[in-house]
1. Quick check on GLY198: is it modelled with pLDDT under 95 and touching a Gly at 6+ places or on another chain (Cβ under 9 Å)?
2. Considering only the stretch 173-183, I want to know if a residue exists there that is surrounded by 22 or more Cβ atoms within 10 Å (Cβ to Cβ), modelled with pLDDT under 95 and in a loop (DSSP other than H, G, I, E, B).
3. Please find, within the stretch 126-171, the residue that is nearest to SER188 (Cα to Cα) out of those that are open to solvent by 80 Å² or more (accessible area, probe 1.4 Å) and touching a strand residue (DSSP E or B) at 6+ places or on another chain (Cβ under 6 Å).
4. Restricting attention to the stretch 39-93, report how many residues are among the aromatic types (Phe, Trp, Tyr), open to solvent by less than 10 Å² (accessible area, probe 1.4 Å) and in a strand (DSSP E or B).
5. From PHE217, PHE227, which residue is closer than 30 Å to VAL52 by Cα, in contact with a helix residue (DSSP H, G or I) (Cβ under 7 Å, 6 or more places away or on another chain), outside any loop (DSSP other than H, G, I, E, B) and open to solvent by less than 20 Å² (accessible area, probe 1.4 Å)?
6. So which pairs qualify, if the first residue must be in the stretch 201-224 and of a type in the set (Lys, Arg), the second must be outside any strand (DSSP E or B), the Cβ gap must be under 8 Å, and the two must be at least 6 apart or on different chains?
7. So how many residues does the stretch 119-157 have that are in a loop (DSSP other than H, G, I, E, B) and among the hydrophobic types (A, V, I, L, M, F, W, C)?
Amino acid sequence: MKILLALFPLLFLTSTEASKPTIVFLIAEREYQTEDTLPVLAKEKLGSKYIVRYCTADDERSNRHVLKNAGAIASADLLFVSARRRAFSGKTMNLIREHVSDGKPVLGIRTASHAFSLRKEAPPEGHETWDEWDKFIMGGNYNGHHGRGKICKITPFGTPAHQILKGVKLPFNTPATLYRNSPLPVKSVSLLHGKVEGFPAEPVAWTHRSASGGKVFYTSLGHVEDFKKPAFVKLLLNALKWGLAKE
């Protein structure tokens, strides 16, 4: 009996820890400093409600296609992607594909639309691209950007009734260039639009469903300045809760 009582606190802690959702951040880009902004967001806003893990890749060209701590993806209840034009090993890409095929949620920001698509560069031997990621997983239609150097105004698309927009104060501005994503695939549900002077409005945040039924949220926002805006932070926190909520 004494042994059982001594083990009880350990068992309780283990059970509590196991009940927490695991969020895995896949960070592999150098343009928007998300290797700094996302860990700060996690530390300040996620607290002890979640288990948080990170997979990262170096900026150096020789190592940019090597994802460190990739095995953490297998533990993810939600995969948060902030990557740009990387071709990881077949083993790593299979972990990402398995996460998606298992119907688990994915959240992507900014360059996640072209996370696994290279331009004229061939992937290293044993590494893979995923060119259909944007259309079939993110539910987007990335085709470059416009409005460099111009302020982009973010407004709701129609009536902001979706729970991801609850408490998000609109409109707000961003210095980020406006990504061209029109038209979105039919199954994508637009939540926010962005507009810069001289160009048509573009969708900048939407939800989608993967073929396996997994929840997907994507936003082309994610500039380092966006993380200083309460509206953007609230948008991400709401998206995380929505993605992890049981149906």
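1. Numbers: modelled with pLDDT under 95: yes; touching a Gly at 6+ places or on another chain (Cβ under 9 Å): yes.
Yes; evaluated as a whole, the condition is true for this residue.
2. At the first step, the residues of the stretch 173-183 found to be surrounded by 22 or more Cβ atoms within 10 Å (Cβ to Cβ) are 174, 176, 178-179, 181.
Those left that are additionally modelled with pLDDT under 95: 176.
Applying the additional criterion that residues be in a loop (DSSP other than H, G, I, E, B) yields 176.
Yes, the stretch 173-183 contains at least one residue that is surrounded by 22 or more Cβ atoms within 10 Å (Cβ to Cβ), modelled with pLDDT under 95 and in a loop (DSSP other than H, G, I, E, B).
3. Selected residue: PHE157.
4. Filtering the stretch 39-93 down to residues among the aromatic types (Phe, Trp, Tyr) leaves 50, 54, 80, 88.
Subset that is open to solvent by less than 10 Å² (accessible area, probe 1.4 Å): 80, 88.
Next, from what is left, pick out any that are in a strand (DSSP E or B): 80.
Matching residues across the stretch 39-93 total 1.
5. PHE217
6. Close Cβ pairs (under 8 Å, with a partner that is outside any strand (DSSP E or B)) amount to ARG209/GLY139; ARG209/LYS187; LYS215/PRO105; LYS215/TRP242; LYS215/GLY243.
7. Taking the stretch 119-157 and keeping what is in a loop (DSSP other than H, G, I, E, B), we get 119-126, 128-132, 139-144, 147-151, 157.
Still in the list and also among the hydrophobic types (A, V, I, L, M, F, W, C): 122, 130, 151, 157.
Of the residues in the stretch 119-157, 4 are in a loop (DSSP other than H, G, I, E, B) and among the hydrophobic types (A, V, I, L, M, F, W, C).
Yes or no, residue by residue, for (1) of a type in the set (A, V, I, L, M); (2) in contact with a Leu (Cβ under 9 Å, 6 or more places away or on another chain):
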position	(1), (2)
HIS145	no, yes
PRO183	no, no
ALA201	yes, yes
THR219	no, yes
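The values are calculated or read from the model by the stated rules, or taken from the named source; none is laboratory data. Since this is a predicted model, take the numbers as computed values, not measurements. Because the Cβ atoms are built from the backbone with ideal geometry, glycine has one as well, and the counts that use them run over all protein chains shown. What goes into the accessible areas is simple: the full protein's heavy atoms, side chains included, and nothing from ligands, DNA or RNA. Shrake-Rupley method; radii C 1.70, N 1.55, O 1.52, S 1.80 Å.
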